[in-house]
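The values are calculated or read from the model by the stated rules, or taken from the named source; none is laboratory data. If you're wondering where the values come from, they're calculated on a predicted model, not measured in any experiment. Cβ atoms come from the backbone with ideal geometry, glycine included; neighbour counts cover every protein chain shown. In case anyone asks, the SASA skips ligands and DNA or RNA and just uses the protein heavy atoms, side chains included. Shrake-Rupley method; radii C 1.70, N 1.55, O 1.52, S 1.80 Å.
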Amino acid sequence: MTHATTRAFADEYARHGSARLPGLVPADIVRRLKSELYSLIRSAHSADQKIAAFDKVDGSHDRNPLFLDSGRSATVFHEPCALEWAGRVGIEQYTEAVARVGHGLHAFPGAVRDWLDGSGLGEWSRVTGRHRPAVIETMFVRKSVHSEPLPPHLDHTYLWTDPPSVQVFWIALDRADRTNGGLLVDHCGPVPGPTHRLVRHADEARLVRLPEPAADPRTRHGLDALTLIPCDPGDAVAVDGLVLHGSAGSDGTRPRDALAVHVVDLDCEWATTNYLGHMTPYEL
């Protein structure tokens with residue numbers, strides 16, 4: 001971190017609520033992370049883990065214990081099409097339909113945790129105003145050649161603190177552009193607040209509508225209103241939890257893998273009604 005690089009990052013984040021960090025992850029670490037992703041997928045397939053589909057439209061998982069307990073594990077989540085499988089499928093078909101693996105990769109030893117220890121993410125997060133940054137959610141996110149776009153959303157909807165503090169460091173493990181699920185971000189900056197919040201009550205989590213005064217017209221915009229941020233393997237983008245972002249679909253030619261690291265400020269109050277329940281933070 002040079003002074004000039006830090007200043008440029010801080011200025012971009014202050015203007016847009018997001019900022020790029022080119023080459024944050026070295027090539028050898030990118031390879032290790034991808035290797036861990038596919039090792040976790042193979043392990044889940046070998047163990048015949050129950051299929052859990054991830055709904056990218058509304059994020060609501062009702063009473064799915066695999067989702068509600070995933071903050072302390074590396075659970076494999078598939079595209080909804082996997083629910084139609086009749087019996088066990090081969091590893092190639094199983095892998096092709098994987099949507100994400102998470103949400104607690106930081107909670108146990110492995111490539112993700114090893115990288116976090118020397119990543120410098122804590123320093124970059126402090127530059128954006130977080131005083132005690134801690135990783136709260138980690139996941140590998142995949143775009144298969146058949147994946148649909150991920151609609152615009154706010155991470156504060158799912159990881160609520162008071163005041164809002166969540167931010168994501170989205171790290172490309174492959175070249176990511178408009179043809180294979182590149183990251184799309186609203187460059188107009190943060191909105192006042194989300195229209196909904198994912199709330200956990202005992203053994204279920206549901207999206208609850210919030211009062212309109214906190215809403216912003218942009219929360220009803222589509223992906224065409226967002227700006228593509230092309231990334232090479234190892235590039236990262238920091239996005240504030242009140243900045244709309246999503247991802248493009250795939251044109252059917254290339255899959256895309258990424259790592260999403262969600263950070264909160266431990267000086268802010270964590271809502272125990274978040275889907276993760278009681279947090280398992282990894283302080284940076």
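Would you pick out the residues in the stretch 67-106 that are in a helix (DSSP H, G or I), open to solvent by 50 Å² or more (accessible area, probe 1.4 Å) and hydrophobic (A, V, I, L, M, F, W, C)?
Kept after step one, since they are in a helix (DSSP H, G or I), are these residues of the stretch 67-106: 67-68, 70-72, 80-84, 91-96, 105-106.
From what's left, open to solvent by 50 Å² or more (accessible area, probe 1.4 Å): 72, 80-81, 83-84, 91-93, 96.
Result: C81, L83, I91.
Suppose the filter is under 17 Å from the mean Cα position of the chain (by Cα) and either modelled with pLDDT under 95 or under 24 Å from L154 (Cβ atoms) (or both); does T75 pass it?
Taking the combined requirement at face value, the residue satisfies it.
The conditions are (1) hydroxyl-bearing (S, T, Y); (2) within 27 Å of L116 (Cα to Cα); (3) at pLDDT below 95, and S250 fails exactly one of them. Which is it?
Just one mismatch for S250, condition (2).
Tell me which of these W160 doesn't satisfy, since it passes every other one: (1) of a type in the set (F, W, Y); (2) touching a Lys or Arg at 6+ places or on another chain (Cβ under 8 Å); (3) open to solvent by less than 40 Å² (accessible area, probe 1.4 Å).
Condition (3) is where W160 drops out.
Does V141 qualify as being more than 23 Å from H78 (Cα to Cα), part of a strand (DSSP E or B) and in contact (Cβ under 8 Å) with a residue 24 or more places away in the chain?
Criteria not met by V141.
Among the numbered conditions (1) open to solvent by 20 Å² or more (accessible area, probe 1.4 Å); (2) among the β-branched types (V, I, T); (3) within 14 Å of Y282 (Cβ to Cβ), tell me where V112 comes up short.
Tallying (1) open to solvent by 20 Å² or more (accessible area, probe 1.4 Å); (2) among the β-branched types (V, I, T); (3) within 14 Å of Y282 (Cβ to Cβ), V112 fails exactly one: (1).
Identify, please: which residue in the stretch 50-66 is surrounded by fewer than 16 Cβ atoms within 10 Å (Cβ to Cβ) and in contact with a helix residue (DSSP H, G or I) (Cβ under 9 Å, 6 or more places away or on another chain) and is, among those, modelled with the lowest pLDDT?
Residue satisfying both the conditions and the ranking: D55.
Count, please, the residues in the stretch 243-264 that happen to be surrounded by fewer than 23 Cβ atoms within 10 Å (Cβ to Cβ) and over 14 Å from the mean Cα position of the chain (by Cα).
Number of matching residues: 7.
Here are some conditions: (1) open to solvent by less than 40 Å² (accessible area, probe 1.4 Å); (2) in contact with a strand residue (DSSP E or B) (Cβ under 7 Å, 6 or more places away or on another chain); (3) within 19 Å of E137 (Cα to Cα). T273 meets all but one. Which one does it not meet?
For T273, the failing item is (1).
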